[in-house]
Amino acid sequence: MNIETPARERQPTKEIQMKVALISVDNHTIGIQTVATVVADAGSEPALFYLPSHLRNYPEAIEERIIQTLRGAAKEDERILIGFHLKEMSFSRSLQLAKTARKGFGNRAVLVAGGTHAASLREELLPYFDHAVVGSGEGIVPILQAMENGTTVPRLIRRPPSKFIYPLFRDAYVLDGSGQIVRARIRPLAHPQYKHRQSMEIMLEVGCSYACSFCEVAALREMFGKQYRILSSQPEQAIDIIREQIGLSPGIEYVYFFDEDFLLKSEKWIDTFVAGYASIGLPFFMFATPRSISKGRGKLSTLADVGLDTINMGVQTGSPRITRDLFGRKEDRAEIISVLGVLTSLYRDGRVTSPPMVDWIILNPYEKKEDVSQTIKLMQDMPLPFNAVMHCMSFFRGTPLYKKALTEGVIPPEYRFRYDLHDFLNRIRANEFGLDFTSRSNLEWLKYNTILAGMNGLHTIKGETRYYGGIVEKDLPRYLETEMTLEEILELAASLPNPMDGVLFPWEMEYARQ
Ligand code: SF4
C-alpha cells in the first residue's frame, strides 16, 4: 500500500509560483480537490471553483459572473493555468467555459483538461485545451514546471495513479443555489436521497475490484493494465481531515463517502476508522458492490455502530445475460437476493437509518422485453424495503461498452450524452437511440422500460399496499398485460413521478421559467 501525508501537514518540495484555477462544473469536487493537493505541494496556490449545474450550458449571465471571478483570481498579464475536471456528463459546460476563458485570457492561460474522459475526448479537446492529463493528478506538475521554465511537455500526459492523494479542503468560489458566486467551504450537492442537504464529500480509497463495461473504471483498467491499482488512505489521517472539516463547517448534515466500494478496505482499516469516527457521530452514505457485501458482513455491522445511514449498491439489471455478457459483472440472482437480505435486516433491526439504495440501468438498447421482464421479476422477489434508483443507459466515450455500441451500430458516431441520467421522460420523447416504434417488439421494450422507470423509489409495504416505487401492486399486472400505443406509453411515462422534480437549483428553475 502506498501512503501519502496530507498536504496541509507537509512542506512543498519545490516552489512553483504559478496561478492555478481548478474548476468542477458538476456536483462532485473530489477530482479537483485531489489535484489541488498536488498543486499546493508543488508550491502554487490553487483557487478552487465549484460550479454545479444541471443545464447543458450556463446561461450568459452566469457565464459572465464565472469569467469575472476567474479574472479576479489572476493579476493583469499574469500567466494562469486553468484546469477542468472533464466528465462526459458535464462536458458541454467545461467546453463552454474553456472557449470563453481562451477568448478572455488569450495565450496567457494554459488550459488543462483532466479526468478519465480526457483521453477519449482527445480529438475534440485539442482545439480548445493545451493539455489533457489522465490518471494521477500528478500529471499536472510537468505542465507547471514547463510554464515556469519556458520548456514544453507533451499535450497528453498519462500517469497511472501510484499513491493515494488526500483531497485539499479550503474556501472555494462556489456557484450557490441562487446563481451567485460566493466564497465558501461547502457547496450545493444534489443527491437522490438527501436532495440539497449540506454534505461533506470525501474519498478514502480509489479504485474498484469490478470492471463494469459501462464504467470509467473499465476504461482506466484498459488504459493502465497491470499498473491499475486500488489505493487506500490511512484511517487515522482520514478521521483527522473529516473532524477538522466538520469543525470548520458546522452546517454539514452527513458525510458522503465517494469511494467506489467502501467495503474493499481491510477489517483492520475499518476497525481503526470506526474507532475514530465514533466521536464524529454524523450519518454517512457509502457505495458497496454485491460481492464485497457478501464477503464483508462483519465490516458492515461495525460501520453500522457509528452512523452508517445508507448503503448504495448497484445491481443494474435482473437479466443474467446482460449482467454477465454485456456488463461483465460477477453476481447472480441468488447472491443479489441474499445480499439484499443482509442490508434490509440491518434497516429493519434499526442498525442503519435508511433502507438500502439499489441502482438500476433502464432504457438499455441491448436489452429485449424479456430482459426487462427479468429485472421487474427480480425487484418483486427482493427483500423489502429498498429504494430503487433508475439510471438511463448512457454510453460514455472511452468505456468498452461505448466502443462496442459504436462498432455494432447501436449508437451513431454523433451520439453524445445529452440528458441527465435520471431524465427518462425527455430521453424517450427524443427517441435517443432512433428505434423504430412501428415494430411491436420495440414498443413492448419501451412499455416495459416505462414501467421500470415508474418503479423508481421506495419498494415497501404500507398497510395493505405493496409499493413498487411509484407503482402500486394492483396496477402492475394491468400495465404489463395491456397493449399500448406509443402515445399511450408516453402518456403513462408523463403521469409517473418524475425523479427530475426538485433536482434543479433555484437559479436553474428561474432560468427554465424564462
Ligand atoms: S462496481 Fe461501480 S465503480 Fe465498480 S466498475 Fe462497476 S460501476 Fe464502476
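The values are calculated or read from the model by the stated rules, or taken from the named source; none is laboratory data. This is a predicted model, so every value here is computed, not measured. Backbone-built Cβ (ideal geometry, glycine too); neighbour counts: all protein chains shown. Surface areas here come from the heavy atoms of the whole protein model, side chains and all, with no ligands, DNA or RNA. Shrake-Rupley method; radii C 1.70, N 1.55, O 1.52, S 1.80 Å.
Descriptive notes on the structure:
- Within the chain: Cβ-based charge dipole about Cα centre, in debye rounded to nearest 20 (Lys, Arg +1; Asp, Glu -1): 820
- Integer Hz, Karplus 6.51/-1.76/1.60 couplings in order for the range 477-483, x for Gly and Pro: x, 4, 4, 5, 8, 7, 6
- For the range 340-424, the list of GluC sites (Glu not before Pro) that fall in a loop by DSSP and count at most 16 other C-beta atoms within 10 angstrom reads Glu408, Glu414.
- Unit charges at the beta carbon, dipole of the chain: most positive-side option, Pro167, Ala73, Gly150: Gly150
- Computed E for Tyr128/Leu490 - FRET, C-beta separation, R0 35 angstrom, nearest 0.05: 0.40
- Pairs from Lys299/Lys369; Lys299/Lys404; Lys265/Lys462; Lys368/Lys474; Lys299/Lys368; Lys19/Lys99 whose Cα-Cα separation, in the structure shown, is over 29 Å: Lys299/Lys369; Lys299/Lys404; Lys265/Lys462; Lys299/Lys368
- Among the chymotrypsin sites (Phe, Trp or Tyr not before Pro) found in the range 373-482, those both in a DSSP coil and sparsely packed, with 15 or fewer other Cβ atoms within 10 Å of their Cβ, are Phe437.
- Helix 91-105 and the long axis of the chain differ in direction by around 20°, with both axes built from C-alpha atoms.
- Amide H partners (placed H, <5 Å) of His459, local residues excluded: Phe386, Asn387, Ala388, Gly469
- Rg to Rh quotient for the range 465-514, alpha carbon positions, Kirkwood Rh: 1.14
- Area accessible to solvent at Arg158, 1.4 Å probe radius, in Å²: 130
- Solvent-accessible area per residue in the chain equals 41 Å², computed with a 1.4 angstrom probe and all protein chains kept.
- A probe of 1.4 angstrom, applied to the heavy atoms of all protein chains, finds Arg71 with accessible area near 100 square angstrom.
- By accessible area, using a 1.4 Å probe on protein heavy atoms only, the chain has 50% of its surface on carbon and sulfur.
- Simple spin-label estimate for Lys226 and Asn57 gives 4.8 nm between the two label positions (7 Å along the Cα-to-Cβ direction from each Cα).
- At most 14 other Cβ within 10 Å, DSSP loop - trypsin sites (Lys or Arg not before Pro), the range 431-514: Lys474
- Distances between placed amide hydrogens fall under 5 Å for Val134 paired with Ile157, Arg158, Arg159, all partners being 5 or more residues away or on another chain.
- Per-selection Rg to Rh, the range 22-133 - Cα, Kirkwood hydrodynamic radius: 0.92
- Here Glu481 sits with roughly 150 square angstrom of accessible surface, probe radius 1.4 Å.
- Length-normalised contact order of the range 189-513 in % [C-alpha pairs under 8 Å, at least 6 apart]: 15
- In sequence order, the range 216-222 has phi-based couplings of 5, 4, 5, 5, 5, 4, 5 Hz under the Karplus curve 6.51 cos²θ - 1.76 cosθ + 1.60, θ = phi - 60°, and Gly or Pro positions carry x.
- Rounded tilt (10° steps) of 235-248 against the dominant C-alpha axis of the chain: 80
- Cα-based helix-to-principal-axis angle, 486-495 vs the chain, degrees rounded to 10: 70
- Cβ-based charge dipole, the chain, positive-most Cα from Ile32, Ala275, Val182: Ile32
- The string of couplings for the range 113-123 from the Karplus curve (6.51, -1.76, 1.60, θ = phi - 60°) is 9, x, x, 4, 6, 4, 5, 6, 9, 3, 4 Hz, one whole number per residue in order, with x for Gly and Pro.
- Estimated [θ] at 222 nm from DSSP helical runs (n ≥ 4, -39500 (n - 2.57)) normalised by residues in the chain, nearest 500: -11000 deg cm²/dmol
- The slack in the chain from Asp77 to Glu236, taken as 0.36 nm per residue of separation less the alpha-carbon distance, amounts to 52.9 nm.
- For Cys392, nonlocal amide neighbours, meaning residues 5 or more places apart or on other chains whose placed amide H falls under 5 Å from its own, are Ile362, His422, Asp423.
- Calculated FRET efficiency, Leu435 to Val153, Cβ-Cβ distance, R0 = 56 Å: about 0.80 to the nearest 0.05.
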